[in-house]
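Take a look at the structure set out below.
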Amino acid sequence: MRKILEELISLFINKSDFFLELTIEHLEISIISIALAIIIGLGLGITVSEYPRNKWILTIVNLIYTIPSIALFGFLIPVAGVGDTNAIIALTIYGLLPMVRNTNTGIKTIDPEIIEAAKGMGSTDRQILFKIKLPLALPHIMSAIRNMTVMTIALTGIASFIGAGGLGVAIYRGITTNNMSLVLAGSVLISILAVGVDFILSFIEKVTAVGPSRKKFLNFFKNKKVIAIIIIIIVAISAYEIYEDYGHETINVASKSYTEQYILGYMLEELIEHDTNYHVEYSSGISGGSFTIQGGMQNEEFDMYSEYTGVGWMSVLNNGGVYNESMFNNLKEEFKNRYNETWLDSYGFYNNYAIAVPNDLAEEYNLKSISDLSAISSQLSFGAESDFFSRADGYDNLSKVYGLKFRETMDLDVSLKYDAVEQGKIDVVEVYTTDGRLYNSNLTILEDDKHFFPSYYCCPVIRQETLEEHPDLIPVLNKLSGKITVDEMIHMNYEVDVENKDPKTVAHEFLLSKGLV
């Protein structure tokens, strides 16, 4: 326990800027979502209570609340794209139920005789609502706000799966890079935020209760000096954020959710900011891979990312046949015509798919190629990340080509596949040939003897409009052309996945070693 605490404190100290930035992002997304949920939820709750024929609103809100959060984020991608906007919409929707329900309940439980007395004294419906009903319903409403706030702050952590910021970035990156200290650090900070905000709301709930403390509290916020200070703080924060980006055009870089992509994203970020006056907004660890990022590229949310040639040909363009590098010009032309995106030259390394089994299993059944699996696949379980099961170069076609029929399959995050093999949860696993953990994992890579998997050289892909607006990006990005070998990429992945080094540090050290910065 002491060792874990020491590691955590060291991590907070060494990466204080990283955690501070994520914490601010987390609070921004959460506070905007909470504010919208309060405003919309109060309005809907009042509507339901004042006009009973609108009870269908409560039914719909209840129904939406049953949708799993990650699914709701996914459903909103075609509408709101990826990033903070998607997260805010989803979190606002999730916050509506407690607000609508408690507002309605609070108003409905008011003693009818109080309302009748107010009407008898000549009060209008508006006066009754704002001077009697809402004040008396305030305990229910404050309870809803407290519950919804804690829930929203916690759920904001999931938003990193669709490219939003916040402390979920630390958790997800920790999972995908096998860095449990990073996972714990992100989780602890989210808990501290949730408890801290709940404590503040608890104090507000007490002082807004009927009595002298409520009067003092309201008078405090009626004070002109207090109002002026609040306005100055808000203006100062807004001015600082505007100043940070002043004079810097923004280039939006995206990466997929595994170690290699994190490192490449940081390389692009550092090179661009080092050689140009542009500011880079880096969205790391986008869940859904090529499909999600391509949607973001088409919606102009991202300007560039790193893609693999075989993936582009088979999974993005959905072309048949096995891709090889002699088809690169065709790949570039189709991307240009269909998506108005440009492929630049490869970084120099390839990252192929491979099928692997534990060494003892390979020895027991003399497994050397994927074809050797066909005789025993019905006795074995297979594991891979989710998108491998839906790709043209993935599970279904692999099974057809090699005649495989596994006993069961398991969807796993990239970083969890090796743990699943070690724990005996799966027998056969799909891996990347540049995985840092592959070379100390006691796995045997089976030969792709039927040449099922295409070639996967990694290249930067950039929106043509971005290139036309910023042609000076081309020589900057071309600095990485042919500069990264397979062994160098494996070593960098190993540094992050096994030695727990920061991907940004690894990227910086590589650029320094090549004299690029």
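The values are calculated or read from the model by the stated rules, or taken from the named source; none is laboratory data. The structure displayed is predicted, hence computed values, not measured ones. Every residue, glycine as well, gets a Cβ built from its backbone with ideal geometry; the counts of neighbours run over all protein chains shown.
May I ask you to say which residue of 460, 471 is without any contact (Cβ under 8 Å) to a residue 12 or more places away in the chain, over 30 Å from residue 382 (Cβ atoms) and either not assigned by TED's automatic domain parsing to the domain that holds residue 333 or not hydrophobic (A, V, I, L, M, F, W, C) (or both)?
Answer to the check: 471.
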- Message: I'd like to check something: does segment 498-510 contain any residue that is within 30 Å of residue 19 (Cα to Cα), among the hydroxyl-bearing types (Ser, Thr, Tyr) and in the same structural domain as residue 309 (by TED's automatic domain parsing)?
- Response: yes
- Could you please give the count of residues in segment 368-396 that are in a helix (DSSP H, G or I) and farther than 22 Å from residue 286 by Cβ? 8
- Note on the structure: Restricting attention to segment 324-366, the residues that are of a type in the set (A, V, I, L, M) and assigned to a loop (DSSP other than H, G, I, E, B) number exactly 1
- Could you say which residue among 433, 466, 485 is assigned by TED's automatic domain parsing to the domain that holds residue 282 and under 19 Å from residue 259 (Cα atoms)? 485
- Task: Kindly list the number of the only condition in (1) farther than 30 Å from residue 299 by Cα; (2) surrounded by 13 or more Cβ atoms within 10 Å (Cβ to Cβ) that fails for residue 461.
- Result: (1)
- Task: List every residue pair whose Cβ atoms sit under 6 Å apart, with the two residues 6 or more apart in sequence or on different chains, where the first one lies in segment 476-496 and is of a type in the set (D, E, K, R) and in a helix (DSSP H, G or I) and the second, anywhere, is surrounded by 17 or more Cβ atoms within 10 Å (Cβ to Cβ) and modelled with pLDDT of 95 or more.
- Result: 495/506
- Is one or more of the residues making up segment 317-326 crowded, with 20+ Cβ neighbours inside 10 Å and at pLDDT below 95? yes
- Item | Which listed residue is surrounded by 21 or more Cβ atoms within 10 Å (Cβ to Cβ), in contact with a Gly (Cβ under 9 Å, 6 or more places away or on another chain) and either farther than 28 Å from residue 262 by Cα or of a type in the set (A, V, I, L, M) (or both), from 398, 443, 412, 416 | 412
- Task: Among the residues of segment 278-296, count how many are among the hydrophobic types (A, V, I, L, M, F, W, C) and crowded, with 21+ Cβ neighbours inside 10 Å.
- Result: 2
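When the residues of segment 334-392 are narrowed to those that are small (Gly, Ala, Ser) and over 30 Å from residue 292 (Cβ atoms), which ends up farthest from the chain's Cα centre (by Cα)? Show your work before the answer.
Quick first cut of segment 334-392, residues small (Gly, Ala, Ser) only: 346, 348, 354, 356, 362, 369, 371, 374-375, 377-378, 381, 383-384, 386, 390, 392.
Next, only the ones that are over 30 Å from residue 292 (Cβ atoms) stay: 362, 369, 371, 374-375, 377-378.
Values: 362: 37, 369: 36, 371: 37, 374: 37, 375: 40, 377: 35, 378: 36 Å.
Only one residue fits best here, namely 375.
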- Item | Answer from 175, 145 - the residue that is in contact (Cβ under 8 Å) with a residue 24 or more places away in the chain and in contact with a Ser or Thr (Cβ under 6 Å, 6 or more places away or on another chain) | 175
- Query: Pick from segment 115-142 the residues that are outside any helix (DSSP H, G or I) and among the small types (Gly, Ala, Ser): which of them is modelled with the lowest pLDDT?
  - Reply: 122
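Can you find a residue in segment 300-309 that is closer than 30 Å to residue 73 by Cβ, at pLDDT below 90 and out of contact with any Asp or Glu (no Cβ under 9 Å at 6 or more places or on another chain)?
Going through segment 300-309, the residues closer than 30 Å to residue 73 by Cβ turn out to be 300-309.
In the following step, the residues that additionally are at pLDDT below 90 were identified as 300-301.
Of the ones still in play, those that are also out of contact with any Asp or Glu (no Cβ under 9 Å at 6 or more places or on another chain) are 301.
Looking for residues that are closer than 30 Å to residue 73 by Cβ, at pLDDT below 90 and out of contact with any Asp or Glu (no Cβ under 9 Å at 6 or more places or on another chain), one finds at least one in segment 300-309, hence yes.
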- Query: Filter segment 428-454 for residues that are more than 25 Å from residue 295 (Cβ to Cβ), of a type in the set (Ser, Thr, Tyr) and under 29 Å from the mean Cα position of the chain (by Cα); which is modelled with the highest pLDDT?
  - Reply: 434
- Task: Select from segment 177-235 the residues that are small (Gly, Ala, Ser), within 22 Å of residue 142 (Cβ to Cβ) and modelled with pLDDT under 80 and write down the one among them that is surrounded by the fewest Cβ atoms within 10 Å (Cβ to Cβ).
- Result: 211
- Please work out which one of (1) touching a residue at least 60 places away in the same chain (Cβ under 8 Å); (2) closer than 27 Å to residue 487 by Cα is the condition residue 384 fails and give its number. (1)
- Item | Unique residue being in contact with a strand residue (DSSP E or B) (Cβ under 7 Å, 6 or more places away or on another chain) and of a type in the set (A, V, I, L, M) when the list is 474, 462 | 462
- Might you let me know whether segment 102-114 holds any residue that is in contact (Cβ under 8 Å) with a residue 12 or more places away in the chain, under 30 Å from residue 300 (Cβ atoms) and either assigned to a helix (DSSP H, G or I) or more than 18 Å from the chain's Cα centre (by Cα) (or both)? no
- Task: Only residues in segment 1-30 that are loosely packed, with under 14 Cβ neighbours inside 10 Å count as the first member; pair them with residues that are in a helix (DSSP H, G or I), Cβ under 8 angstrom, at least 6 apart or cross-chain, and list the lot.
- Result: 4/181; 4/184
- Criterion (modelled with pLDDT under 80 and part of a helix (DSSP H, G or I)) met by exactly one of 93, 77: 77
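For the condition farther than 20 Å from residue 34 by Cα, crowded, with 23+ Cβ neighbours inside 10 Å, touching a Phe, Trp or Tyr at 6+ places or on another chain (Cβ under 9 Å) and touching a residue at least 24 places away in the same chain (Cβ under 8 Å), what is the one hit in 170, 159, 164? Let's see the steps before the verdict.
Numbers: 159 fails: farther than 20 Å from residue 34 by Cα; 164 fails: farther than 20 Å from residue 34 by Cα.
Of 170, 159, 164, the one residue that is farther than 20 Å from residue 34 by Cα, crowded, with 23+ Cβ neighbours inside 10 Å, touching a Phe, Trp or Tyr at 6+ places or on another chain (Cβ under 9 Å) and touching a residue at least 24 places away in the same chain (Cβ under 8 Å) is 170.
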- Item | Hits in segment 345-380 (condition: of a type in the set (D, E, K, R) and surrounded by 14 or more Cβ atoms within 10 Å (Cβ to Cβ)) | 345, 372
- Task: Under 9 Å between Cβ atoms, at least 6 apart or on separate chains: pull out the pairs that start in segment 432-445 with a residue that is more than 15 Å from residue 384 (Cβ to Cβ) and end on any residue that is surrounded by fewer than 20 Cβ atoms within 10 Å (Cβ to Cβ) and among the basic types (Lys, Arg).
- Result: 444/368
- Task: Count, please, the residues in segment 265-299 that happen to be of a type outside the set (Asp, Glu), modelled with pLDDT of 90 or more, more than 17 Å from the chain's Cα centre (by Cα) and not in a strand (DSSP E or B).
- Result: 8
